[in-house]
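Peer 1: A single structure is presented below for examination.
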Amino acid sequence: MRLRTTAADHVATAALVLVALLLVAFLAAPLLAIGVQSLEDRAGRFVGVANFVSYARTPALLTSLWNSLWVSAVVTLVTVPAAFLSAYALTRSRMPGKALFRGITLIPLFAPSLLSAISLIYWFGNQGVAKGALDAALGWLGVDQIYGAPGIVIAEAFAVFPHALMILVTALTAADARLYEAAEAMGTRAVRKFFTITLPGAKYGLISASLVTFTLVITDFGIPKVIGGNFNVLATDVFKLVIGQQDFQRGAVVALLLLAPAVLTFAVDHLVQRRQTAMLTARAVPYRPKRAPLFDAAMTAWCALVALLMLAMLGMAIFASFASFWPYNLAPSLRHYRMGLFDAEFGEGFVNSLVMSGGTALFGTMLVFVGAYLLEKTHSPHPAGRVLRSGVRLLATLPMAVPGLVLGLGYIFFFNKPANPLNGLYQTMALLTLCTIVHFYTTGHLTAVTALKALDAEFESVSASLKVPPWVTFWRVTLPICTPALVDIARYFFVNAMTTISAVVFLYSPETKVASIAILNLDEAGEIGAAAACAVMIAAASATATGLFWLLARVVERRTQAWKA
């Protein structure tokens, strides 16, 4: 039987091929280049696993691997229970000020991860205001300074806390009140309800939060670079091997080691999600917490403590950025801001960051939504078309398992070759934008797919029966209904592009240096006050952009979502 295809099918297939080629060129090929580089020597000759054997025989590099693993494990063990308690307070209590507390805990998302490291230096560094408190608190552990493992653990806990919190709030929100009513009718105590209903219902969220936390910590570059001191981890080893020693082969080996835990956690999370069962059915009753004065007071106290710590981190960075000369002259001045904007050329980097973030938000949102639409709302009757769709789906979810540092290193190996026809993109703003889009592609893709799956397939069927062209249905029906999701995707791309470090640290040139990289350079030069000022500026820009996107979302919802009323 001959399969029938239309002109619209051919256009959709061609567009999907273009999306696939983009993902192959800017994701699959750079990752393949890392694998090839790890199997060659400096002269480009194939040496098999010799580079891996050499790595295994280098005690310092093996120490970095062990440091990365145990630090990531400690941060996970500290952060996930704290985030779970905060999520439990936000979803299962009647405490006041929930929106305020949740908003404060999201502060680390608006700034580069190294802001928490800079703040810790001002709090507990050699000239920190609370250096004595650190000695008293951790002296019995033999810890006499914040630099090294203690600083990395504390700073990473602050940086990844919002990520774990968002996952756990979502997990705890999905609760059926009928289970708790039945338990109360049987006289079940609160502790038993927690261990038999609440905890099992949230176990998949806990697993996902733990995996995400572990992966974010082990692949982060900014915090270990700023506060790690002589405590080496895999992320800093990659930077030293590639930039400092020009040892690309061993750098590729370390990059693959960084990629391994991320891929493993991604695979485990995928299996967990497949086994997860629905907590809410069509007959479910939304859970509404009852007022319990003592419990609500305890949850309020905990959230207030977390909010206080978050504000202490941000507040110290702001205070230090205005201090004239730490710690001898604390009078407020704009000295560090002038130094960062003019003397250190942060102003040019800040403009570059805005340009890159704007391009990432615009073109990333377009690419993500078009790719998701082609996968979800178009169909190909040919087997080759189905294979193409499976390949694009795999490539769309792959970036979630690829650390930004690894992706950036792959771009060096792939694009910095004269024989590559795309070599002209190297060290350009276009390549930095494309790298950032690919780095954060998966979350945007999943958001777009979720929005498109909410639309009934009958829209396309009815349009086809009325001989309405597919692009007319897309423009008049699909796009307006999905516009709020598009705004969310654009906001996600913009904020992450403003704060990213690892994905672009290998790719910039003096003309395309972005703001987050300028902060690293200021820290290396010992100008930590100017670095704090620049980090505060990035946080302010991200918060302002978030507010503008929120206003845009309100306008869009009023214009395109009137049908919901």
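Read-outs throughout are calculated quantities, based only on the coordinates presented, and are distinct from any laboratory measurement. Source: prediction; values computed, not measured. Glycine also receives a Cβ, built like all others from the backbone with ideal geometry; neighbour counts cover every protein chain displayed.
Peer 1: Given axes a ≥ b ≥ c from the Cα gyration tensor, I'd like to know whether segment 1-92 is rounded (a/c under 1.5), prolate (a/b larger than b/c) or oblate.
Peer 2: Cα axes put segment 1-92 in the oblate bin.
Peer 1: Another one. What's the magnitude of the charge dipole for segment 1-110 around its Cα centre, counting Lys and Arg as +1 and Asp and Glu as -1 at the beta-carbon? Answer in Debye, nearest 20. Mind showing how you got there, number by number?
Peer 2: On the way: 9 positive and 3 negative charges, 93 e Å.
Dipole of segment 1-110, to the nearest 20 debye: 440 debye.
Peer 1: Hey, another quick one. Could you put 389, 45, 94 in order, starting from the residue whose Cβ has the fewest other Cβ atoms within 10 Å?
Peer 2: Listed from fewest to most nearby Cβ atoms, that is 45, 94, 389.
Peer 1: Something else about it: Magnitude of the Cβ-charge dipole of segment 328-391, K/R +1 and D/E -1, about the Cα centre, nearest 20 debye?
Peer 2: Numbers: 5 positive and 4 negative charges, 65 e Å.
Using only the charged Cβ atoms, the result is roughly 320 debye.
Peer 1: Within segment 212-250, find all residues whose amide N lies under 18 Å from a label point positioned 7 Å from the Cα of residue 450 along Cα-to-beta-carbon.
Peer 2: What the label zone holds, given the 18 Å backbone N cut-off, is 212-213.
Peer 1: Cross-link candidates for residue 98: which lysines have Cα within less than 28 Å, leaving aside residues fewer than 8 places away along the same chain?
Peer 2: 193, 203, 290, 564
Peer 1: Work out the FRET efficiency for residue 196 and residue 43 from their Cβ-Cβ distance, taking R0 = 60 Å, and round it to the nearest 0.05.
Peer 2: Step by step, r from the Cβ atoms, then E = 0.40.
Peer 1: If you don't mind, there's one more thing I want to ask. Given 267, 150, 112, which one lies farthest toward the positive end of the charge dipole of the chain, if we put +1 on the Cβ of every Lys and Arg and -1 on the Cβ of every Asp and Glu?
Peer 2: Farthest towards the positive end: 267.
Peer 1: Please give the charge dipole size of the chain, origin at the Cα centre, charges +1 on K and R Cβ atoms and -1 on D and E Cβ atoms. Round to the nearest 20 debye.
Peer 2: Working: 40 positive and 27 negative charges, 392 e Å.
Computed charge dipole of the chain: roughly 1880 debye.
Peer 1: Let me ask something additional. Among 477, 499, 64, flag the residue with its Cα farthest along the positive direction of the charge dipole of the chain, charges on Cβ as +1 for Lys/Arg and -1 for Asp/Glu.
Peer 2: 477
Peer 1: Continuing with the same structure: Checking the a/c ratio against 1.5 first, then a/b against b/c, what shape does the Cα gyration tensor give for segment 303-345?
Peer 2: Taking the square roots of the gyration eigenvalues as a ≥ b ≥ c, segment 303-345 is oblate.
Peer 1: Which value at 222 nm does the chain reach when only helices count, each DSSP H run of 4 or more adding -39,500 (n - 2.57), with the total divided by all residues and rounded to the nearest 500 deg cm²/dmol?
Peer 2: Values: 26 runs with 383 residues, N = 565.
Roughly -22000 deg cm²/dmol at 222 nm, from the helical runs in the chain.
Peer 1: Fewest to most neighbouring Cβ within 10 Å: what's the order for 376, 557?
Peer 2: If I rank by nearby Cβ atoms, fewest first, I get 557, 376.
Peer 1: Of 234, 49, 448, whose Cα points farthest to the positive end of the dipole of the chain (charges on the beta-carbon: +1 Lys, Arg; -1 Asp, Glu; origin at the Cα centre)?
Peer 2: 448
Peer 1: Could you give each residue of segment 304-318 its phi-based ³J(HN,Hα) in whole Hz, using Karplus coefficients 6.51, -1.76, 1.60 with θ = phi - 60°, and x for Gly or Pro?
Peer 2: Calculated HN-Hα couplings, in order: 5, 5, 4, 4, 4, 5, 4, 5, 5, 5, 5, x, 5, 4, 5 Hz.
Peer 1: Rounded to whole Hz and in sequence order, give me ³J(HN,Hα) for segment 210-217 from the Karplus expression 6.51 cos²θ - 1.76 cosθ + 1.60, θ = phi - 60°, writing x for Gly and Pro.
Peer 2: Here the 3J(HN,Hα) series is 5, 5, 5, 4, 4, 5, 4, 6 Hz.
Peer 1: Then there's this: So how do 442-452, 108-118, 317-327 stack up, highest first, on mean other-Cβ count within 10 Å?
Peer 2: Ranked from most to least packed, the peptides come out as 108-118, 442-452, 317-327.
Peer 1: If packing is taken as the average number of other Cβ atoms within 10 Å across a peptide's residues, how do 297-310, 27-40 rank, most packed first?
Peer 2: So the peptides 297-310, 27-40, ranked by packing, come out 27-40, 297-310.
Peer 1: I've got another one for you. Fewest to most neighbouring Cβ within 10 Å: what's the order for 101, 194? Spell out each step's value before the answer.
Peer 2: Numbers: 101 21, 194 13.
Fewest-to-most ranking of 101, 194: 194, 101.
Peer 1: Which FRET efficiency value, to the nearest 0.05, do you get for residue 333 and residue 355 by plugging their Cβ-Cβ distance into 1/(1 + (r/R0)^6) with R0 = 25 Å? Mind dumping the intermediate values first?
Peer 2: Numbers: r = 30 Å, r/R0 = 1.18.
Calculated transfer efficiency: 0.25.
Peer 1: Which whole-number percent gives the relative contact order of the chain, counting Cα pairs below 8 Å spaced six or more residues apart?
Peer 2: Averaging sequence separation for qualifying contacts and normalising by length gives 23 percent for the chain.
Peer 1: Here is a further query. Starting at the first residue of segment 403-409, write each ³J(HN,Hα) from the Karplus equation 6.51 cos²θ - 1.76 cosθ + 1.60 with θ = phi - 60°, in whole Hz, x for Gly and Pro.
Peer 2: Values per residue, Gly and Pro as x: x, x, 4, 5, 4, x, 5 Hz.
Peer 1: If you stretched the chain out fully between residue 189 and residue 21, how much longer would it get, using 0.36 nm times the residue separation minus the C-alpha to C-alpha distance?
Peer 2: 54.7 nm
Peer 1: Could you calculate the FRET efficiency of residue 428 with residue 546 from 1/(1 + (r/R0)^6), where r is the beta carbon distance between them and R0 is 35 Å, rounded to 0.05?
Peer 2: 0.80
Peer 1: Separation between the residue 557 and residue 78 pseudo-spin-labels, each 7 Å from Cα along Cα→Cβ, expressed in nm?
Peer 2: 3.7 nm
Peer 1: Checking the cross-link filter: which lysines have an alpha carbon closer than 26 Å to that of residue 131, excluding same-chain neighbours under 8 positions apart?
Peer 2: List returned: 225.
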